[in-house]
Structure formats: structure tokens, C-alpha cells
Amino acid sequence: MDVLYNQINTQEIPFVTDLLEENLPSVLATICYNEQDLPFCEEVQNTEIGHLFEHILLEYLCQYKMKKGARRATYAGRTTWNWVRDPFGRFHIHLTCGTKDADILPIALEQTVGLMKILLEYNPQPLFSTSAKSTARNGLKNGERRW
């Protein structure tokens, strides 16, 4: 995933939690594995855009699988980046879905892109932030969603 917006970290989206509560509140309950062992509802306030994308996509995958009649849905993801090797803003997102999910992945992906546009384009007033951007040149974040 290449981020084509200026925001690389959710710190640059001050209303991210409010926007998620309005558009996809269940994503805030996803399981998140991070260095500080924070729940995703807290991690989302200061995480990389690729990691946020991963969690939203996992949530939509679970929702669509349940709509198809599954009694349970579990997906896991891993987001990595290396801005020494790759262009700044490129994330590698790996998911545990496969060919059995070929019918729901495109729909979930489209929904995820749509919500990300809402989050990244939301700007009730000009954003002037003095907070430091994430400067980690290499990283890893993991997420999981179970229903």
C-alpha cells in the first residue's frame, strides 16, 4: 500500500477515533499486537496509516464472512514497512485470507479504501500540528479480528 496523502500517522488525524466511532465502531474492538500492548482503541490514536488500513480491512472481512452465514470469522494481519528500502509511505500488509475469501476480499477492500478516504480527507479546519511525525524507518504492526 502506498499512502498518497500527507498523513502517515493517525496523530495527524485528530478526529480519527470519532470518525471511526461514526463509520465503523466495531473496528475499535479489534485485537492489536503492538509494542506497548495497547488495545486498538488506544493504539489508533498514534499508529501508522497502513496499520489502520489493516485493521479496517480485517473488520470488513469478518463482517462480510458473517453476512455469508459463517458462525465465526477470524482473520489476522501484519503490516510492515521499511522506508530505507522502499519509498516513504509504502506499507506491506499481509492477511490470512485466501482463495476461499476471493468473493468478499474485493468488496472489503473497496469498503476499506472508501473509509480511508473519509478519514484522510476529513478536515473541518486547517490542521496545524506541531506533533512529531512517526520517524521509524523500519517497523512492524500486527492485528487480529475474531467474531
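The values are calculated or read from the model by the stated rules, or taken from the named source; none is laboratory data. Source: prediction; values computed, not measured. So basically every Cβ, Gly included, is an ideal-geometry build from the backbone, and we count neighbours across all protein chains shown.
So, in segment 98-120, of the ones that are among the β-branched types (Val, Ile, Thr), more than 12 Å from residue 65 (Cα to Cα) and touching a Leu at 6+ places or on another chain (Cβ under 7 Å), which residue ends up modelled with the highest pLDDT? Among those residues, the one meeting the criterion is 112. Residues of segment 25-47 that are among the β-branched types (Val, Ile, Thr), touching a residue at least 60 places away in the same chain (Cβ under 8 Å) and out of contact with any Asp or Glu (no Cβ under 9 Å at 6 or more places or on another chain): 47 alone.
Once segment 1-45 is narrowed to residues that are among the aromatic types (Phe, Trp, Tyr) and either in contact with a Ser or Thr (Cβ under 7 Å, 6 or more places away or on another chain) or under 12 Å from residue 143 (Cα atoms) (or both), the residue that is surrounded by the fewest Cβ atoms within 10 Å (Cβ to Cβ) is 33.
Condition (residue is among the aromatic types (Phe, Trp, Tyr) and within 12 Å of the chain's Cα centre (by Cα)) applied to segment 4-21: is it met by at least one residue? For segment 4-21, residues among the aromatic types (Phe, Trp, Tyr) and within 12 Å of the chain's Cα centre (by Cα): absent. The numbered conditions (1) farther than 20 Å from residue 109 by Cβ; (2) among the hydrophobic types (A, V, I, L, M, F, W, C); (3) at pLDDT 95 or above are all true for residue 15 except (3). Only a single item in (1) in contact (Cβ under 8 Å) with a residue 40 or more places away in the chain; (2) part of a loop (DSSP other than H, G, I, E, B) is not met by residue 50, and it is number (2). Is segment 87-94 home to any residue that is under 20 Å from residue 4 (Cα atoms) and over 15 Å from the mean Cα position of the chain (by Cα)? So far as segment 87-94 goes, yes, one or more of its residues are under 20 Å from residue 4 (Cα atoms) and over 15 Å from the mean Cα position of the chain (by Cα). Consider segment 83-98 and keep the residues that are surrounded by 11 or more Cβ atoms within 10 Å (Cβ to Cβ) and in contact with a Lys or Arg (Cβ under 6 Å, 6 or more places away or on another chain). The one that is nearest to residue 50 (Cα to Cα) is 94.
Being of a type in the set (Ser, Thr, Tyr), more than 16 Å from residue 67 (Cβ to Cβ) and either loosely packed, with under 13 Cβ neighbours inside 10 Å or at pLDDT below 85 (or both) is a property that holds for residue 130.
Here is a check on your reading of the model: is residue 64 more than 12 Å from the chain's Cα centre (by Cα), under 16 Å from residue 27 (Cβ atoms) and outside any loop (DSSP other than H, G, I, E, B)? Here the answer is yes, as residue 64 does meet what is asked. Exactly one residue out of 51, 55 is surrounded by 18 or more Cβ atoms within 10 Å (Cβ to Cβ) and within 14 Å of residue 3 (Cβ to Cβ): that is 51.
What residue, among those in segment 70-82 that are among the charged types (D, E, K, R) and in a loop (DSSP other than H, G, I, E, B), is surrounded by the most Cβ atoms within 10 Å (Cβ to Cβ)? Filtering segment 70-82 for residues that are among the charged types (D, E, K, R) and in a loop (DSSP other than H, G, I, E, B), the one surrounded by the most Cβ atoms within 10 Å (Cβ to Cβ) comes out as 72.
Summed over segment 18-57, residues that are in contact with a Gly (Cβ under 9 Å, 6 or more places away or on another chain) and closer than 14 Å to residue 107 by Cβ total 1.
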